[in-house]
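Comments concern the structure below.
The values are calculated or read from the model by the stated rules, or taken from the named source; none is laboratory data. What you see is a predicted model; the values in this text were computed from it and never measured. All Cβ positions, glycine included, derive from the backbone under ideal geometry; neighbour counts span all protein chains shown. Heads up: the accessible areas ignore ligands, DNA and RNA and are worked out on the full protein's heavy atoms, side chains in. Shrake-Rupley method; radii C 1.70, N 1.55, O 1.52, S 1.80 Å.
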Amino acid sequence: MKPIYMDNNATTCVDPRVVETMLPFLTEQFGNPSSMHRFGDQVGRALKRAREQVQSLLGAEHASEVIFTSCGTESDSTAILSAVRAQPQRREIITTEVEHPAVLNVCEQLEKEGYTIHRLGVDGQGRLDLAHYREVLSDQVAVASIMWANNETGTLFPVESMAEMARAKGVMFHTDAVQAVGKLPIDLKYTCIDMLSLSGHKLHAPKGVGVLYVRRGLRFRPLLRGGHQERGRRAGTENVPGIIALGRAAELALTHMDDERRRVRVLRDRLETGLLEQIPHAFVTGDVDNRLPNTLNIAFEYIEGESILLMLNQQGIAASSGSACTSGSLEPSHVMRAMGIPYTAAHGSVRFSLSRFNTQEEVDRVIQVMPDIVARLRKLSPYWGEDGPVEDPEQAFAPAYA
Amino acid sequence: MWDYSEKVKEHFFNPRNVGVVRDANATGEVGSISCGDALRLTLKVDPESGVIQEAGFQTFGCGSAVASSSVLTEMIIGLTLDEAERINNDDIANALGGLPPEKMHCSVMGHEALQAAIANYRGEVWKDDHEEGALICKCFAIDAVKIEQTIRDHGLRTVQDVTGYTKAGGGCSTCHEGIEELLTRVLSEKGEAFDPENHATEASASAKSAGLPPMNIRAMAMGE
């Protein structure tokens, strides 16, 4: 049976049209864009076009606001460290408890170096505490780094209005938009967002290429110094095939934006309804009314996520989980914990993330196999009785802590 | 994706002895819901011979937790309690054809459930002497709690010391930053600073010059 891929927030397949566009740049078009001869010249033109394609997807005012990097993580690091270095007198940073590790771990390191980190909390639906945000915005803050969409639940944050609030206080605003770009219309020139990170492989380009958008005129300090590439803002010979691919992928993302927001959303909703109708003691996590159109995160209570994934994998279905076991850590996902999801549910959270390549047949197949998987695992669970959870599960089974 | 052995997968997809044993006379419940694993082991022990006649498990956990529980029940049925008591977590992991370092705690949980069940049968209360921390050294599966405790117990000051006493950091060496952070934290409790220029403490240095392997260094330092 053909495998079913529903882990698109982790990475996406490269669109065949993207592969076609990039291939010549791995073969005959191998030149270095900096070179003076014709080999380089053609490549230089292709890079220019790719930059404009990304500019269109982001609605950036100028193509030169697009800096190509190696990945979303590099973009996040560059943005935060640039803000810090450009304004050494500002010793505070605002972020959220539910950011990607690419932001959280940079902040944690800066905290060790003496910075004060304000981590905004979320409520049970994953919505940000904006009162706290308002409180901590000040002229001591070097940057506010807030994700556009959460990778685990798909919950959207009001980054446009938060950027306005930051601007009013003279604070730089960065958003990790790795999950949002390509799935939502974005028009940066009409926002107060100063910096934005995106990643190629989340929108059907290959791995190894990303972008940091930096608004014209924003004070900037490069992470990598060296050659004059990217106008000196990111030294290092360009990943030409990757950049060309990302340009094409950006163009295609614009073309498919409506499909993503309509058809993919319908598929996601069908999956959600189908699973919830058939499986008791399961609930959707995150802000159900305000999330990415492709993402569904469901907590299946009293069972553990890695076990669910192994059984799905046996059926040829790929998804991911917020359980501790899938990452080898001792705690379930920091996003689930921040929302206060009980441990017995957080460990059983499963994320299905769709793309324009998914079909209704695939969704129906997942709806068909999932109830049996959950039932099999609940049969093993000490929290589950004959036909439902044991009475007062956390009391009935309270193992000695090991 | 974890590199699970065929044996682990086989036990996960076809677990043996699932459920609670009818008329069980021994129960062990261990685990930690915060790290996503919990296990209830029930046994039916013949009071005359002390032989485990039946064993059953219920597990909330990942693939290797289910597999560890399942293989454990197979290993102990037919053994006397005294024989079963000698099974340790490495025996469980070996019976599964090995476990990834991040998953060794699943075999530890199986071992502890067995200990707890045996204690329960004998009317004793099982005490856990093992607290689990974040995994630091992936080569030798050594966690933060173990490293911090060893630093405290032996007044260690350098990464080399830690490697000498626990093996942590003795393989690929990529966890040395993590070990330095633990040293920094524990030394600061005593108002001292971690100095990367420091030389290894005498015990570990002299053991090293005597050419002893790390585990012996540890035995020596502990006066064993």
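See the values below:
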| item | result |
| --- | --- |
| Residues within the range A:25-44 that are in a helix (DSSP H, G or I) and at pLDDT below 95, tallied | 7 |
| The range A:270-323: number of residues that are free of Cβ contacts under 8 Å to residues at least 24 places away in the same chain and closer than 21 Å to A:PHE397 by Cβ | 1 |
| Members of the range B:93-108 found to be within 14 Å of chain A (Cβ to nearest Cβ) and open to solvent by less than 10 Å² (accessible area, probe 1.4 Å), listed by number | B:LYS103, B:CYS106, B:SER107 |
| Breaking point among (1) out of contact with any Asp or Glu (no Cβ under 9 Å at 6 or more places or on another chain); (2) buried (at least 16 other Cβ atoms within 10 Å of the Cβ), for B:ALA116 | (1) |
| Selection from the range A:239-256 of residues that are touching a strand residue (DSSP E or B) at 6+ places or on another chain (Cβ under 9 Å) and surrounded by fewer than 21 Cβ atoms within 10 Å (Cβ to Cβ) | A:ASN239 |
| Single residue of A:ASP76, A:ASP41 found to be within 30 Å of A:THR153 (Cβ to Cβ) and of a type in the set (Asp, Glu) | A:ASP76 |
| Selected residue (only one of A:ILE308, A:ILE298, A:ILE317 is under 20 Å from the mean Cα position of the chain (by Cα) and either at pLDDT 95 or above or within 14 Å of chain B (Cβ to nearest Cβ) (or both)) | A:ILE298 |
| Residue match in the range B:70-84 (condition: within 10 Å of chain A (Cβ to nearest Cβ) and either in contact with a strand residue (DSSP E or B) (Cβ under 9 Å, 6 or more places away or on another chain) or open to solvent by less than 10 Å² (accessible area, probe 1.4 Å) (or both)) | yes |
| Residue that is open to solvent by less than 40 Å² (accessible area, probe 1.4 Å), on the phi > 0 side of the Ramachandran plot and not acidic (Asp, Glu), where the choices are A:GLY59, A:GLY72 | A:GLY59 |
| Residues that are touching a helix residue (DSSP H, G or I) at 6+ places or on another chain (Cβ under 6 Å) and within 18 Å of A:ASP259 (Cα to Cα), drawn from the range A:186-204 | A:ILE186, A:LEU203, A:HIS204 |
| Considering residues of the range A:167-191 that are free of Cβ contacts under 8 Å to residues at least 60 places away in the same chain and open to solvent by less than 10 Å² (accessible area, probe 1.4 Å) only, the residue farthest from the chain's Cα centre (by Cα) | A:PHE173 |
| Residue that is modelled with the lowest pLDDT [pool: residues in the range B:15-34 that are within 11 Å of chain A (Cβ to nearest Cβ) and closer than 21 Å to A:ILE308 by Cβ] | B:SER34 |
| B:ILE147 vs. criteria open to solvent by less than 60 Å² (accessible area, probe 1.4 Å), more than 10 Å from every other protein chain (Cβ to nearest Cβ), assigned to a helix (DSSP H, G or I) and not basic (Lys, Arg) | yes |
| Filtered residues of the range A:348-402 (kept if open to solvent by 60 Å² or more (accessible area, probe 1.4 Å), in a loop (DSSP other than H, G, I, E, B) and away from chain B (no Cβ under 14 Å)) | A:PHE357, A:ASP387, A:GLU391, A:ASP392 |
